[in-house]
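For reference, the structure is listed below as structure tokens.
The values are calculated or read from the model by the stated rules, or taken from the named source; none is laboratory data. It should be emphasised that the depicted structure is a prediction, and the values quoted were computed from it without experimental measurement. Cβ atoms come from the backbone with ideal geometry, glycine included; neighbour counts cover every protein chain shown. Side chains are part of the model used for accessible areas, which takes the heavy atoms of the whole protein and leaves out ligands, DNA and RNA. Shrake-Rupley method; radii C 1.70, N 1.55, O 1.52, S 1.80 Å.
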Amino acid sequence: MTEQSSPAATTGRAIRDEIGAPGRERVDGDHSAMSPAEVWETVDFWAGVPWPVSRAEAQRRAVDRLGWAIDVQEGLGYLVNPAFTPPEVSMSGIDTVSSVRFRIADEVTEETPATRALLGDLFTLVVREGTARLGRPSIRRDRGCTDATWEMGPARVTASLWSRCAAVRFTTPGDR
């Protein structure tokens, strides 16, 4: 796997440095996270894909536009975002991609008050930005997970918060 920094990460980092906002850098000394704007830029990227597309085509587009990478294991290519640990990006679907799930921060290995605050604050800011863009989300709390879901035209976006992870799932228009 080749480590690459996306153009959005470079631009976002410069902006975050200028205004002091957290971003895809070490935000608490140990963990990296996207800025809320970068999360929604990534969602906008997926929303702009001319669905339906194959897994290979979706991966190619993410590598070209987001600076992500493809990790080949046992002859199969897996999309990864090398900015995070672990870096994997999930894609579901058989012939075409039906959803894409990506982390918006490093996974926490040891839960502490500081990591709970980091992930909780990030989730809150992502929800606030989503609300400004798409209106009030539906909120669901279940078994240690909180989901905020928006309808985005024919697609759906869900931001999720667990005690050790924060992620976003983009569900493609054909699979709702």
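A few remarks follow.
- Overall Cα dimensions of region 91-147, principal axis frame, Å, largest first: 42, 31, 20
- Note on residue 124/residue 88: beta-carbon distance plugged into 1/(1 + (r/R0)^6) with R0 of 22 Å gives a FRET efficiency of 0.30.
- A full extension of the chain between residue 164 and residue 138 corresponds to an added length of 7.2 nm, given 0.36 nm per residue minus the alpha carbon distance.
- At R0 = 41 Å, FRET efficiency that the Cβ-Cβ distance of residue 145 and residue 74 yields, to 0.05: 0.85
- Relative packing of 145-158, 70-83, which averages over residues the other C-beta atoms within 10 Å, highest first: 145-158, 70-83
- Fraction of accessible area attributable to carbon and sulfur, region 72-176 (%, probe 1.4 Å): 49
- Accessible solvent surface per residue of region 121-176, calculated while the other protein chains remain in place, 1.4 angstrom probe, Å²: 55
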